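Presented below is the structure to which this report refers.
The values are calculated or read from the model by the stated rules, or taken from the named source; none is laboratory data. Values in this document were obtained by computation on a predicted structure and should not be read as measured data. Note: ideal-geometry Cβ built from the backbone for every residue, glycine included; neighbour counts use all protein chains shown. Side chains are part of the model used for accessible areas, which takes the heavy atoms of the whole protein and leaves out ligands, DNA and RNA. Shrake-Rupley method; radii C 1.70, N 1.55, O 1.52, S 1.80 Å.
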Amino acid sequence: MRKGMKMLSLIGIGLFAGRWVCDAQAKGVGSSAGQFLNLIGSAKAMSMGGAGTALGNDLHGLQSNAASISGMQNPKTLLSQGLLYQDMKFSYGAYAQPTRYGVPVMEYMNVSYGDYESTNLNRMETGSQSPSSRMFGLGWSTTGSSILGNRLRLGVIARYLQSYMGNASASGSTFSIGGIYNTRFNGVTVGASVNHLGSGLKYSGESSPLPRNFRLGLSYLGQEFRTINAKTSYCLDAVAPNDGTVHVLAGAEFNLYDLVSFQIGYVGAENIQNRLRYGIGIGVQALQLSYAVSADNSLGASHRLTIDVGFGKGIWNIGQIFGAERLVKRDTLNAYHYLKKGNTGKAALFAKRVLKRRPNNEAAVGIIEEIERKNLVSMASDIYYEALKSYHAKQFTDAHDKMNQVRTLDPDNREYNKLYEKVETAYTAQLKQEALELVAVALTQMESEFKNYQYLNLPQEEEFMQAAQSAHELITNGDYESANRSISNGNKIINEMVLALQDRARERERLIAEERRKYSLNQIQGTIVKGPEPDKTQTPDKVDLEYYEQAKEHRQNGRHDEAIRLLREVNAKNKSYAAGKEALRNSLKSRGIVHFRAHAYKKALRDFEESYKLEPTDVVLRKWISDLKASPVLTDAGSKNE
């Protein structure tokens, strides 16, 4: 805010100075001596209508503002020749040398008014004369000032004048001061200057005032069309002379490929038909040629031709001027420009152009790497905010995955690392809770399966109860890993119980087979000592025995479906065959257990019920059927595959 007030104060002081230098306007237009000082020395400045008070990077605006050379980077000289009206000729030259302490400048102007026949007071011819005027100037401009944050540049120039008008001559001195301020708006500058302050020219002892003026200007640089490598600039000046009326000057320039430029200007002080100026320029930084022409008037058109020569390291490198190096430099600058503005797409476009011509160009490679880094940082930023939303929504798994991506893309960002630590803590706690829940479900399933083997008088039952109790305690304490080991031990105990039941079944079958063998042997030997004659319907034939043996083999190998099919045929043919009936009952029971362990609960229930019908006194089987019917497992997802 203070800097803005200083800026307004500077403009106010300038306006006061303008009022001071214009207090003689009532004298009339052109009433001051030294009118040749108002001639514009540069063709480029002329073609832009003389506007340029706020431009500060070359010699073309030196006559408008002594600070116009403050932005120069390399030494330059400017030579200009003008063809005025009739036989009038005009020459102008200037040279500036930037240094670490500022920019010194010197200039020279010569105006020849042609040859005239002179007469005395009696109107008698006294010979020919060639009136002319000259100007020599020395000046200095700063490259920056601590005032207003190094945005203000100041300049001053002193000039010595000589005028020859035949038998009369005059001399005098003048000085001009000016300043240019770089605003915070990109490419916008403001300039102000007071020109030709001095005592005036004296002819025959009579002094005539100089054409003082105050100028206030505004310029805009930076509207660029970098795709076609073109740029424009605009100038607007308000001029308050002491011998004329306040008027406006305006100009615009269009530069293409830094080779060709076109200018147009407007001069508000001229008649309406003479207000436009036109110009064209061609050349590079080392050498430029400019031409300007004013509108026709009653005295004829005015022309200006200017040569602008630059010096410095690399400026006169022919390869850089006309070869690929110039294009490489141009595209590199464009890439840097767009990278600074944040337009990474266009920056990459120009950097790739450079790499096509110079594949190992370090600057272009660096720009591409910087673009890639910026893209990664941008991606990290987008994912970071998504992760932040997930974190606040307590979706810790999603937040954790996204923050891992963020750390991969931008590992050095402190803000990201802080959030990652929070997410990691919450994610770890969530994983632990989920693990405890899974272990609890596994424990419930294990205890549910244990009910199938409970109360069967198995030696492993007590050991299982101890393992289950330990798992409950460990889950309560949050130690899911130890609880999981206890559950694994419990499942191992259940498997041992299943094996023990299978051993029981095999032992029972062995005993039945032994009884059958003894019975068959007694039949063969006819040595039955006591008891009634056996019922022949209970005696199996050869086919029944074969089926029985085949069913036994199938059952031992786990092929319960085949065993049950054969035993059903034996049982249907000879319902009084006790061994076949017992074998079928046990086979159905074994297959029911297999179905139950495979979570096919409906199939298990059917096998248990059919087995129970064959032996209604089986208390254990009756309890299994009762528990299974009362259990919700018959309607859960585990039975849907039946």
* To do: Return the only residue of PHE16, PHE36 being among the aromatic types (Phe, Trp, Tyr) and modelled with pLDDT under 75.
  => PHE16
* To do: Return yes or no: is ALA563 modelled with pLDDT under 85, touching a Ser or Thr at 6+ places or on another chain (Cβ under 8 Å), part of a helix (DSSP H, G or I) and of a type outside the set (Ser, Thr, Tyr)?
  => yes
* Asked: Looking only at segment 607-632, which residues are in contact (Cβ under 8 Å) with a residue 60 or more places away in the chain and either among the β-branched types (Val, Ile, Thr) or closer than 17 Å to ASP561 by Cβ (or both)?
  -> VAL620
* Structure fact -> For segment 84-111 the number of residues that are touching an Asp or Glu at 6+ places or on another chain (Cβ under 8 Å) and surrounded by fewer than 16 Cβ atoms within 10 Å (Cβ to Cβ) is 1
* Boolean, ALA604 is touching a residue at least 40 places away in the same chain (Cβ under 8 Å), open to solvent by less than 30 Å² (accessible area, probe 1.4 Å) and either of a type in the set (Phe, Trp, Tyr) or in a helix (DSSP H, G or I) (or both) -> no
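Residue-wise test of (1) modelled with pLDDT of 75 or more; (2) in a loop (DSSP other than H, G, I, E, B); (3) not β-branched (Val, Ile, Thr).
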| residue | (1), (2), (3) |
| --- | --- |
| ALA513 | yes, no, yes |
| ILE528 | no, yes, no |
| GLU553 | yes, no, yes |
| GLY558 | yes, yes, yes |
| LYS575 | no, yes, yes |
* Asked: In this structure, is LYS451 open to solvent by 70 Å² or more (accessible area, probe 1.4 Å) and touching a residue at least 40 places away in the same chain (Cβ under 8 Å)?
  -> yes
* Scan segment 296-333 residue by residue and report those that are at positive phi and at pLDDT 70 or above. => GLY312
* Asked: Right, TYR101: at pLDDT below 90 and either of a type in the set (Lys, Arg) or out of contact with any Gly (no Cβ under 9 Å at 6 or more places or on another chain) (or both) or not?
  -> yes
* To do: Take the residues in segment 240-262 that are within 48 Å of the chain's Cα centre (by Cα) and among the polar types (S, T, N, Q), then tell me which one is modelled with the highest pLDDT.
  => SER261
* For ARG357, all conditions in the list (1) of a type in the set (D, E, K, R); (2) in contact with an Asp or Glu (Cβ under 9 Å, 6 or more places away or on another chain); (3) open to solvent by less than 50 Å² (accessible area, probe 1.4 Å); (4) under 30 Å from LEU333 (Cα atoms) hold save one; what is the number of the exception? -> (3)
